[in-house]
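The values are calculated or read from the model by the stated rules, or taken from the named source; none is laboratory data. Given the structure is predicted, the values throughout are model-derived calculations rather than measurements. A quick note on method: Cβ atoms are made from the backbone with ideal geometry, for glycine too, and the neighbour counts reach across all protein chains shown. Ligands, DNA and RNA are excluded from the accessible area calculation, which covers all protein heavy atoms including side chains. Shrake-Rupley method; radii C 1.70, N 1.55, O 1.52, S 1.80 Å.
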Number of protein chains: 2
Amino acid sequence: MNNILILGAGRSSSALIRYVLDQAKSHNWHVTVADADPQVATKKVNGHPNGLAVWLDVMKVNDRRDLINRADLVISLLPAHLHIDVATDCIQLNKHLITASYVSKDIYKLSDDFRHKELIFMGELGLDPGIDHMSAMKTIDEIKGIGGKLMAFRSNAGGLVAPEYLEKNPWRYKFTWNPRNVVKAGQGTAQYLEDDKFKYIPYNRLFKEYKLVNIPGFDEPFEVYANRESLLYREAYGLGDIPNLYRGTIRYRGFCDAWNALIKIGLTDGSYPIMDSEKLSYHELMEAYLSVDNKPGLSVKDRVGELLGERPFSPVMKKLDWLGLFSKKKITLAKATPALILEELLLKKWQLEQNDRDLIIMQHEFDFELNGKKKRRYSSMLLYGNNADDTAIAQTVGLPLGIFAKLVMTGKITSRGVNIPVSKEAYEPVLKELEDYGIKFNEREEDLN
Amino acid sequence: MNNILILGAGRSSSALIRYVLDQAKSHNWHVTVADADPQVATKKVNGHPNGLAVWLDVMKVNDRRDLINRADLVISLLPAHLHIDVATDCIQLNKHLITASYVSKDIYKLSDDFRHKELIFMGELGLDPGIDHMSAMKTIDEIKGIGGKLMAFRSNAGGLVAPEYLEKNPWRYKFTWNPRNVVKAGQGTAQYLEDDKFKYIPYNRLFKEYKLVNIPGFDEPFEVYANRESLLYREAYGLGDIPNLYRGTIRYRGFCDAWNALIKIGLTDGSYPIMDSEKLSYHELMEAYLSVDNKPGLSVKDRVGELLGERPFSPVMKKLDWLGLFSKKKITLAKATPALILEELLLKKWQLEQNDRDLIIMQHEFDFELNGKKKRRYSSMLLYGNNADDTAIAQTVGLPLGIFAKLVMTGKITSRGVNIPVSKEAYEPVLKELEDYGIKFNEREEDLN
């Protein structure tokens, strides 16, 4: 085993490619990096003697299979919906495959095929999903190992910006990952478990009913809103009977109220186009969401304030104003949904600049009973990025993939079939090596009375 | 032409079948009434010498075509999605077809086929859609005919209960038509035109931002919330350049705030199932929508009040309480969505009893300029039902169909192809005869300054 194929050399690939190439010489690996844009791949390989940049249109089946056929392990950073084709190729051609994406139902259906051919498919090897699974399972296994009975698992994570940025814009937020997912966040109904009861928070209340959570090292608490799919990993984590299960997203203080204002106005909806959107200004778009009975004597901004129950210079109104939602500038996008118009505006306002450092926060809470005592353990990870080209998010997505690739190439992974990294064989060596890169979970424990 | 086939003898068919049979003797018609339940059809035909009740499983293509082949005109009261099959049969077998349902895009695609065979397809021949088109077009044509320039068309309608019922339940509402449509009403985004600008109201604000509208004969104003599709008939009504266009739904005072409370809690959502719903009480369901930080010391009812910003005995809280949402009774429905649980509860609470009279209100407003003066004309229709078997809604859905059937059978309709009743040929004779049945629009006009 000495050939690795990396499919996709886009923004999230830097830390992965760097890691794999760094390891290549001592392990005598040949690393092929394939991308639709050959310049991007060439730049990432950067003349490394063990690396080869190639051009690939992944939809060209024969080209794709040729490349896969020459590898022992495929690492796919392609968009998630393309993994099913790559997985089918890997089964036919007898190759291992690992990705950072969510494992779809269709991929799970291939589990027997991978197992029969003694192949590895490991998905969800990034940050979230990925490091969240590994770090949670490490503590869950530890607590179970000492005889503890788990009563609650709460896990919160956020991709944020470093605190030095907070003075620069009132939202205290920038895009460090997929903007569309931020605009669509929470649409649907959040579900979680509390005292053995299922709980539901509809979208219209989700960003109003946030929790405050303290993170070591920060004076101010953070806001946390509930994720849609808290219950998804109950079985995978072996927590089938746990009475409390919650997953949330972390934001700096002040974000949720202002995002809720965008929802209430109607700007996060992607289901219908705004008529003549290319001819409207943002100011006119806001006016389009005001009905006539809503105090027509006032300015559009003041009427939006009335609608939201906000005073003219409230923190929420300042955030809306800062985005330029009351400006006379034209939208220019044609036939755009409100969500797309909002996304395009935010892309300009929330763009990570070259020297901006991002910040990943992940914190788990485990409540458990041990020898008749109730305890709570916190497990927290903070990671700062270096700049816009070397973000914490790219590191935390890429490094687990790279480390796991090494484990596969060196024959350390025995389990076959479709898996996510919840077994000790997977999480223990990955978490251990991640510490060398500053990705480390700190634990503290307290008694609950 | 002397054979009429009526497909469907369900609840909404009584007034239609009665009308057609009443006319059958003098016109020498043979009327076949087909239903999946032969007893229902037999009861509706009631031994009339010109009537024949037959059993039909409409999915059995040959049986259906046999019946259609023996008719000159088919009147379909089947569920809307079945009309495409019936329409295809009618084209093949050279039969006219009329329905009260919305005309779908697929049906419009058959327009050339109907026209080439010189066949009539007339859809939207009920109340709404139906009488709304006809009564609006009558006044629009009148105003245009005297040289008026239309500046606004606003049209509101509601299926309600007679005022004597209002003391009996705090919602002042019962189901007189499709319950599911009531539960789903407004989901999406309402759109209308105001001062030449498109306006949008998202679902989360729709039932908060209702208007008050006066109807002649009632001391108290009614609440009106905006419909989703106000702009749908701009072209069909010849109002392509009108600057104000609005359609709304009429409710008695107090309804909208309380319905908004159900939306805010999350009970109108049909997109996900409530876990273990068959084991929960309504009280437990309400608790499932409360997050832990929402004052856990209070009762569930008081916490819902806090959530809604309502005092314990406010009109909204009384309405929720009256529905039994805080009762310890079990839901019993398994794997049900919140919307389905709500619908089942409302079906019990809002059922029309035998002697209840329903009430249809429809009121159009036309603003126009004539000889430099601005005027507003109101055109209003009120109709009371007699009891649960002879509702105003069944009359207003069935009679336009019946009257139009007579026009077709007596050769009075010259236009061919797929149409809705917006032409004078269609609306004039139907509206005129509807007056004999008490379905009459009263107009009044005022000057606008």
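In this structure, B:Tyr102 and A:Asn94 have a Cβ-Cβ separation that, at R0 = 51 Å, corresponds to a calculated FRET efficiency of about 0.35. With an a/c value of 1.5 or above and a/b larger than b/c for the gyration tensor axes a ≥ b ≥ c computed over the alpha-carbon atoms, the stretch B:250-368 is described as prolate. For B:Lys174, nonlocal amide neighbours, meaning residues 5 or more places apart or on other chains whose placed amide H falls under 5 Å from its own, are B:Val161.
Remark on B:Val33: its backbone amide H falls under 5 Å from those of B:Ile6, B:Leu52, B:Ala53, B:Val54, a criterion applied only to residues 5 or more positions apart or on other chains, H modelled at 1.01 Å from N. Placing the label point 7 Å from Cα along the Cα-to-Cβ direction, what are the distances from A:Gly217 to the equivalent spots in the other copies, shortest first, in nm to one decimal? Ordered by distance, the counterparts are at 7.2 nm. 3J(HN,Hα) along the stretch A:202-213: x, 3, 5, 10, 4, 8, 8, 9, 7, 9, 9, 10 Hz, from the Karplus curve 6.51 cos²θ - 1.76 cosθ + 1.60 with θ = phi - 60°, whole Hz, x for Gly and Pro. Our compactness index for the stretch A:3-123, the C-alpha radius of gyration over the empirical 2.2 N^0.38 Å, is 1.00. Which FRET efficiency value, to the nearest 0.05, is calculated for B:Leu52 and B:Ile146 with the Förster distance at 41 angstrom and r the Cβ-Cβ distance? My answer for the efficiency is 0.25.
Amide H contacts under 5 Å for A:Glu194: A:Lys199, A:Leu245, restricted to partners 5 or more places along the chain or on a different chain, H placed in the peptide plane at 1.01 Å from N.
The mean number of partner chain beta-carbon atoms within 10 angstrom of a residue's beta-carbon across peptide A:192-199 is 4. Treating the angle as unsigned and between 0 and 90°, give the value, to the nearest 10°, between the Cα long axis of helix B:14-27 and the longest Cα principal axis of chain B. Here the helix axis deviates by roughly 10 degrees. For the peptides B:100-107, A:31-38, B:379-386, B:4-11, the ranking by mean Cβ contacts within 10 Å, running from highest to lowest, is B:4-11, A:31-38, B:379-386, B:100-107. A label point on B:Glu344, set 7 Å along the Cα-to-Cβ line, lies at 4.6 nm from each of its counterparts in the other copies, closest listed first.
The phi torsions of the stretch B:56-71, fed into the Karplus equation with coefficients 6.51, -1.76 and 1.60 and a -60° offset, translate into couplings of 8, 8, 5, 7, 7, 4, 5, 4, 4, 5, 4, 5, 4, 5, 7, 9 Hz, rounded to whole numbers, with Gly and Pro shown as x. Relative to its Kirkwood radius, the Cα radius of gyration of the stretch A:273-336 gives an Rg/Rh of 0.99.
Simple spin-label estimate for B:Glu443 and A:Tyr272 gives 3.1 nm between the two label positions (7 Å along the Cα-to-Cβ direction from each Cα). Give me the percent of accessible area attributable to carbon and sulfur for the protein assembly as shown, probe 1.4 angstrom. Carbon and sulfur together cover 48 percent of it. Comparing the stretch B:47-196 with the 2.2 N^0.38 Å rule of thumb, its C-alpha radius of gyration ratio is 1.36 (two decimals). Coupling constants for the stretch A:359-366 follow from the phi torsions by the Karplus curve (6.51 cos²θ - 1.76 cosθ + 1.60, θ = phi - 60°), and in residue order they are 9, 9, 10, 9, 9, 9, 10, 10 Hz; glycine and proline get x. Between B:Leu298 and A:Glu235, the modelled label-to-label distance comes to 3.9 nm, taking each label 7 Å out from Cα in the direction of the beta carbon.
The chain A residue nearest the rotation axis shared with chain B, using its Cβ and rounding the distance to whole Å, is A:Asn204, 2. Checking the table A:Lys335/B:Lys197; B:Lys184/B:Lys440; A:Lys301/B:Lys149; B:Lys149/B:Lys432; A:Lys211/B:Lys335; B:Lys184/B:Lys208 against a 27 Å threshold on Cα-Cα, which pairs fail? B:Lys184/B:Lys440; A:Lys301/B:Lys149; A:Lys211/B:Lys335, as the Cα separations exceed 27 Å there. Computing FRET efficiency as 1/(1 + (r/R0)^6) for A:Thr414 and B:Asn386, where r is the C-beta to C-beta distance and R0 is 56 Å, gives about 0.10. For chain B, the fraction of C-alpha pairs more than 39 angstrom apart is 28%. When all alpha carbon pairs of the protein assembly as shown are counted in 10 Å bins from zero, the resulting P(r) reads 2, 10, 17, 19, 18, 15, 11, 6, 2, 0, 0 %. Averaging Cα coordinates gives a centre for the stretch A:105-152 and one for the stretch B:79-141; these two points are 57 Å apart. Going by the alpha-carbon gyration tensor, a ≥ b ≥ c the square roots of its eigenvalues, is the stretch B:63-114 rounded (a/c under 1.5) or, if a/c is not under 1.5, prolate (a/b greater than b/c) versus oblate? Cα axes put the stretch B:63-114 in the oblate bin. Chains B and A together bury roughly 2800 Å² of accessible area, counting both sides, with a 1.4 Å probe on protein heavy atoms only.
Once both labels are positioned 7 Å from their Cα atoms along Cα-to-Cβ, the gap between B:Ser281 and B:Asn2 label points is 6.7 nm. Across the copies of the chain, A:Glu425 has label points (7 Å from Cα along Cα→Cβ) spaced 7.8 nm apart, shortest distance listed first.
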